[in-house]
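Novice: The structure's right below; bear with me while I get my questions together.
The values are calculated or read from the model by the stated rules, or taken from the named source; none is laboratory data. Small disclaimer: the values here were computed from a predicted structure and weren't measured. So basically every Cβ, Gly included, is an ideal-geometry build from the backbone, and we count neighbours across all protein chains shown. To get the accessible areas, we keep the full protein, side chains included, count just its heavy atoms, and leave off ligands, DNA and RNA. Shrake-Rupley method; radii C 1.70, N 1.55, O 1.52, S 1.80 Å.
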Amino acid sequence: MSPDAVSPVDWPRVANGWSVRTGAACKAVSAFGRPGGTDMAARSIASLTLGFGLVSIPVKLFSATESSANVRFNLLTKDGSRVRQQYISEKDGKVVERAEMVKGYEFEKDKFVLFEPSELKALEEGSSHVVDIVAFVPEKSIDPIYYDKAYMLAPDKRGGKPYALLAEAMRKSGRCALARWSWKTKRYVVQVRPAEDGLMLQQLFFADEVRSLKDLNIEKVDVTQAELDLAMQLIDQIAEDGYDPSAYKDEEKVRVLEAIDRKIAGQQIVAHEEVESPASGQVIDLMEALRASLGKKGGAAASANGKAARAPEPETIPAGALKERKGVRRAPAAAPAPARARASKK
C-alpha cells in the first residue's frame, strides 16, 4: 500500500477524525496475523497515575489482548504481484497525496467541518494521565456486558508499595474500584480490579451504549419440574470447576494453516467436511430430547475423559519441511483439547 494513498472507502474514517495507517507493511487483507509474527511483547503504551485518596500510584499501562492472530491473505494480481490502494477524490477522481489531506467531522450528510492539525492537537490535550478512583463496589456487581477493552497495570518507579497495598486491600474486601479517565478525546468510566498477579484496568461502556434483552420482548414460557430436573442432570453431567482458556483452541485456524502448508507443498487442498448441525425449529418433545442427551453414548462422558470421536486427520507435512516459510505464525504443538459435547435437538 502506498504511504500517501488509500482507497476512497476509507475516507469517511479520515473525515470523522480517524487515521488510517498506511505503508509498505500494510496490506489489503482479511482477518489478522503478522508476517513472520512473534509473540506479543509487553510494551507500555502509557504512563498513568492511580489516584487513591491522597495516595498517587504511578503505573504503566499495557494492552491485555492482541487482535492480530488470524490467518492473513493478501490481495494480489493474478500473476502474484502486490497491489496498492490510493485515496481518490470523489469530486474529480484524482489521486490525493497525503500532504494535501486534512481531517474533518461529518455533522450532516456530506457536510464536513474541517480541522487543522493544531486544532486536533488541542482537542487531544484534554487527555489526562490521572485515573481518578471515585468509588469501590462489589466486583460482581458489574455486569460483564459493560466490559469494553481490557488493559493491564504494572507499578512504575516508586509505585510498588502502594500498588501492592491497593491490590491486596481490594482482594480482601471483594471490591473493585470505579474510576474516571480521560483518554484520546474521550472520558471513560473504568474498573480497576485485582487479578492473581496484579491489577487490571477495564474500560466500561456507558449505559446508553449497551442494549437490553428487554428490547427483544422474549416470550415468558413456563417449564415443568420434571423438565427442570432433567435439564439440571444434563448440566451436572458436563459441569466443570472453572474456565481453562488453554483447553480451547482455534481449530479453524489450525485447519486453515494445515491447508496452506499442503498448498505450499504442492498438495491438493481437501475440502473441509462440515459437521452436521442439528435441525433447527421447534422442539417437539423436550423431555425426550433431554433424556436422549443424558443417555447419548460417547457424548459428554467421552468429552470429560478427552476421548471424543474425531474425524480422520488429513495428511500432514513432515516437521521441518516448510521451515523456511514466512508469513504465517504457527502455534506450538499441543495435545488436542477435550471436545465439548453439546446437547442435540430433535
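Novice: Look through SER67, SER89 and report the one residue that is at pLDDT below 85 and either loosely packed, with under 11 Cβ neighbours inside 10 Å or not charged (D, E, K, R) (or both).
Specialist: Exactly one residue qualifies, and that residue is SER67.
Novice: So is ILE145 in a helix (DSSP H, G or I), in contact (Cβ under 8 Å) with a residue 12 or more places away in the chain and either out of contact with any Cys (no Cβ under 7 Å at 6 or more places or on another chain) or among the acidic types (Asp, Glu) (or both) or not?
Specialist: yes
Novice: Can you confirm whether LEU204 is open to solvent by less than 30 Å² (accessible area, probe 1.4 Å), under 25 Å from SER44 (Cβ atoms) and at pLDDT 95 or above?
Specialist: yes
Novice: Continuing with this model, one more query. Output the qualifying pairs, or none if there are none: Cβ atoms under 9 angstrom, residues six or more apart or on different chains, first residue in segment 154-175 and touching a residue at least 40 places away in the same chain (Cβ under 8 Å), second residue of a type in the set (Lys, Arg) and surrounded by 13 or more Cβ atoms within 10 Å (Cβ to Cβ).
Specialist: ALA154/LYS60; PRO155/LYS60; ASP156/LYS60; GLY159/LYS60
Novice: Turning to a different aspect of this structure: If SER141 passes every condition in (1) closer than 14 Å to ALA177 by Cβ; (2) touching a Leu at 6+ places or on another chain (Cβ under 9 Å); (3) open to solvent by 70 Å² or more (accessible area, probe 1.4 Å) but one, which one does it miss?
Specialist: Here SER141 clears every test but (2).
Novice: Identify the residue in segment 187-201 that is closer than 21 Å to ASP143 by Cβ and open to solvent by 10 Å² or more (accessible area, probe 1.4 Å) and, among all such residues, is nearest to the chain's Cα centre (by Cα).
Specialist: This residue is MET200.
Novice: Within segment 98-105, identify whether any single residue is assigned to a helix (DSSP H, G or I) and either free of Cβ contacts under 8 Å to residues at least 12 places away in the same chain or within 28 Å of the chain's Cα centre (by Cα) (or both), and answer yes or no.
Specialist: The answer is yes, given that some residue of segment 98-105 is assigned to a helix (DSSP H, G or I) and either free of Cβ contacts under 8 Å to residues at least 12 places away in the same chain or within 28 Å of the chain's Cα centre (by Cα) (or both).
Novice: Among what's in segment 157-173 and is open to solvent by 40 Å² or more (accessible area, probe 1.4 Å) and in a loop (DSSP other than H, G, I, E, B), pick the residue that is nearest to LEU48 (Cα to Cα).
Specialist: My answer is LYS157.
Novice: Taking the stated definitions as given, is ARG180 in a helix (DSSP H, G or I), under 24 Å from LEU50 (Cβ atoms) and among the basic types (Lys, Arg)?
Specialist: no
Novice: Ok, one more. Mind checking which residues of segment 47-64 are out of contact with any helix residue (DSSP H, G or I) (no Cβ under 9 Å at 6 or more places or on another chain), more than 13 Å from LEU153 (Cα to Cα) and open to solvent by 40 Å² or more (accessible area, probe 1.4 Å)?
Specialist: Passing the criteria: GLY53, LEU54.
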